[in-house]
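**Student:** Below is one structure. I have some questions about it.
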Amino acid sequence: MKKALLIVAMLVVTLVSRGQEIRYVDASAFPVYGKVTENTSERYTRLPAYLEGQIRQELWDLGRHAAGINIRFRTNSTTIKARWKSTFKFAMNHMTATGVRGLDLYALTDKGCIFVCNARPSTNQETEARVVSNLDGQMREYVLYLSLYDGVQDLEIGVDEGAIIEGPAVDWPKREKPVVIYGTSITQGGCANRPGMAWTSILGRRLGREVVNLGFSGNGRLDLEIAKLMAEMPDPGVFVLDNLGNCKVDRIKEGTKPFVKVLREAHPDVPIVFVEHPIFSYFYFDKVTHDDILLKNKTLREEYEALKKAGEKKLFYVKADDLNGHDNEGAVDGVHFTDLGMLRCAEAVYPTIKKALKANKN
């Protein structure tokens with residue numbers, strides 16, 4: 001009797017262990033969203049290969065970060081894991097590792113696209129992490145957001161050995177007329193706790209539309225090479241310029257019109273949204289910062305009005321008033337947004353971008 005019970009116990013253990021077996025599938029089998037072009041040096045980078053050596057090295061390196069890039073797939077697996085290599089193994093003292101180098105899983109539901117869980121990076125360059133377990137085995141559509149401040153290489157998705165994993169069956173987000181956002185470290189995602197909380201990604205979920213994140217930490221300086229890249233989009237819905245944080249007043253004056261000219265020559269009817277400099281927390285205490293932000297916003301407004309006076313149409317403008325809330329609680333270091341700040345920023349720009357998209361209906 002004891003021998004029989006032992007055999008049964010061994011069979012149960014074997015079956016359980018088999019149920020926990022994971023097979024990994026290369027994520028290149030699934031569509032990637034959030035890129036201007038597929039012609040990049042690596043699959044999960046943001047800049048085309050031809051720009052290497054043609055732009056500032058800082059821009060090129062930041063372009064290898066996977067900010068805003070996401071993968072779409074569907075599976076009925078009860079467990080989802082991820083395995084990937086971080087390009088730089090980057091770390092910062094004011095941003096979580098899950099935001100810098102982690103991955104974020106969302107699921108499409110009747111309540112919208114909602115957060116499931118994330119894959120936290122190891123202290124090494126290579127990570128294998130469980131994202132979620134104990135799912136009910138129903139087929140679901142997923143979005144996997146990639147790292148905000150590091151590159152992603154050799155990405156694989158792990159599922160139950162016998163599970164189905166395939167490309168999405170639901171057309172979400174819409175790929176027609178994507179929103180292309182150019183800007184700074186805050187645009188790139190600093191300092192969201194996790195990739196799905198970058199304001200550009202929040203905006204994409206609200207709109208149900210593909211968003212391309214061209215935020216370059218410290219380097220949103222109106223480089224014309226980036227304007228030309230944005231102009232390569234075959235059918236953009238709207239261009240968003242959120243670059244004041246990295247531009248001095250002289251650069252705003254010198255660079256705004258040429259940048260817009262490049263976009264307009266390629267897409268004369270695509271709306272352009274200008275976003276003011278957010279009000280930093282210490283704006284009310286640091287007189288130099290106070291005067292600098294006010295002058296930058298005044299200068300941008302003047303450039304915007306000058307373009308309109310020159311006959312430019314479909315120009316939109318987002319004032320700084322609500323970008324960071326009104327309680328000074330939206331930043332981790334007085335500058336870069338926490339998740340709260342990111343949410344407020346997305347909510348502040350959403351109405352204007354939605355209005356701009358409607359203006360682009362042909």
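**Student:** So if each residue of separation counts as 0.36 nm, and I subtract the Cα-Cα distance between Phe88 and Glu347, what length gain in nm does that give?
**Tutor:** 90.0 nm
**Student:** Then there is this: Please report, to two decimal places, log10 I(q)/I(0) for region 109-195 at q = 0.12, 0.21, 0.23, 0.24 Å⁻¹ as given by the Debye formula with identical point scatterers on the Cα atoms and no solvent.
**Tutor:** -0.52, -1.42, -1.51, -1.52
**Student:** Could you tell me which residue out of Ser86, Leu103, Ile293 lies farthest along the dipole of the chain toward its positive end? Charges go on the beta carbon: Lys and Arg +1, Asp and Glu -1, centred on the Cα centre.
**Tutor:** Positive-most Cα among the choices belongs to Leu103.
**Student:** I need to check one value: relative contact order of the chain, counting alpha carbon pairs closer than 8 Å and at least 6 residues apart, in percent.
**Tutor:** With pairs under 8 Å counted, the relative contact order is 16 percent.
**Student:** Of all GluC sites (Glu not before Pro) in region 112-202, which ones are in loop regions per DSSP and have a Cβ with at most 15 other Cβ atoms within 10 Å?
**Tutor:** Glu161
**Student:** Please compute one quarter of the surface area of the Cα convex hull for the chain and express it in square nanometres.
**Tutor:** Hull-based average projected area comes out at 20.7 nm².
**Student:** For region 91-233, calculate the relative contact order in percent as a whole number, restricting contacts to Cα pairs under 8 Å that are 6 or more residues apart.
**Tutor:** With pairs under 8 Å counted, the relative contact order is 25 percent.
**Student:** Once you charge only the Cβ atoms, +1 for Lys and Arg and -1 for Asp and Glu, what is the size of the charge dipole of region 212-269 about its Cα centre, to the nearest 20 debye?
**Tutor:** Using only the charged Cβ atoms, the result is roughly 300 debye.
**Student:** Here's a follow-up. Would you mind checking Lys177/Lys361; Lys253/Lys296; Lys253/Lys309; Lys85/Lys177; Lys253/Lys298; Lys177/Lys358 for any pair whose Cα atoms are more than 21 angstrom apart?
**Tutor:** Violating the 21 Å Cα-Cα cut-off are Lys85/Lys177.
**Student:** Under the rule a/c < 1.5 gives rounded, and otherwise a/b versus b/c splits prolate from oblate, where does region 168-251 land using the Cα gyration tensor?
**Tutor:** Taking the square roots of the gyration eigenvalues as a ≥ b ≥ c, region 168-251 is oblate.
**Student:** Go ahead and estimate [θ] at 222 nm for the chain from helices alone: -39,500 (n - 2.57) per DSSP H run with n ≥ 4, summed, over the residue count, rounded to 500.
**Tutor:** Result for the chain, helices only: -10000 deg cm²/dmol.
**Student:** With labels modelled as points extended 7 Å from the Cα through the Cβ direction, what inter-label distance (nm, one decimal) is found for Ser28 paired with Ala359?
**Tutor:** Placing both labels 7 Å along Cα→Cβ, they lie 4.2 nm apart.
**Student:** Run through the DSSP bridge list for the chain and note the antiparallel percent, rounded to the nearest 5.
**Tutor:** Antiparallel: roughly 70 percent of the beta bridges in the chain.
**Student:** So, for region 215-301, what is the accessible surface per residue at a probe of 1.4 Å, expressed in square angstrom?
**Tutor:** Result: 42 Å² per residue.
**Student:** Would you work out the Kirkwood radius for region 205-259? I mean one over the mean of 1/r across all pairs of different Cα atoms, in Å.
**Tutor:** So the Kirkwood estimate lands at 12.5 Å.
**Student:** Next question. Report the equivalent ellipsoid semi-axes for region 187-322 in whole Å, largest first, defined as the square roots of five times the eigenvalues of the gyration tensor built from alpha carbon atoms.
**Tutor:** After scaling each eigenvalue by five and taking roots: 23, 21, 13 Å.
**Student:** Take the alpha-carbon positions of region 84-241, form their convex hull, and give its projected area averaged over all directions (one quarter of the hull surface) in nm².
**Tutor:** In nm², the orientation-averaged hull projection of region 84-241 is 10.3.
**Student:** Given a 1.4 Å probe and every protein chain left where it sits, what share in percent of the accessible area of the chain is carbon and sulfur?
**Tutor:** Here carbon and sulfur together make up 52 percent of the probe-accessible area.
**Student:** Next up: Under 12 Å from the 7 Å Cα→Cβ point of Glu225, by amide nitrogen: which residues of region 34-54?
**Tutor:** So the set is 47-54.
**Student:** Applying a 10 Å radius around every beta-carbon, put 316-324, 72-80 in order of their mean neighbour count, most first.
**Tutor:** My ranking of the peptides, most packed first, is 72-80, 316-324.
**Student:** I've got another one for you. Mind checking the log10 I(q)/I(0) for region 36-79 at q = 0.15, 0.22 Å⁻¹? Debye, one equal scatterer per Cα, no solvent, two decimals.
**Tutor:** So the normalised log intensities work out to -0.44, -0.72.
**Student:** In percent, what relative contact order does region 239-316 have, based on Cα pairs under 8 Å that are 6 or more apart in sequence?
**Tutor:** 44 percent
**Student:** What is the dipole size for the chain, taken about its Cα centre, with +1 at each Lys and Arg Cβ and -1 at each Asp and Glu Cβ, in debye to the nearest 20?
**Tutor:** Taking the Cα centre of the chain as origin, the dipole is about 540 debye.
The values are calculated or read from the model by the stated rules, or taken from the named source; none is laboratory data. If you're wondering where the values come from, they're calculated on a predicted model, not measured in any experiment. Reconstructed Cβ throughout: ideal geometry from the backbone, glycine too, with neighbour counts over all protein chains shown. Ligands, DNA and RNA are stripped out before the accessible areas are found, and what is left, the full protein with its side chains, is counted by its heavy atoms. Shrake-Rupley method; radii C 1.70, N 1.55, O 1.52, S 1.80 Å.
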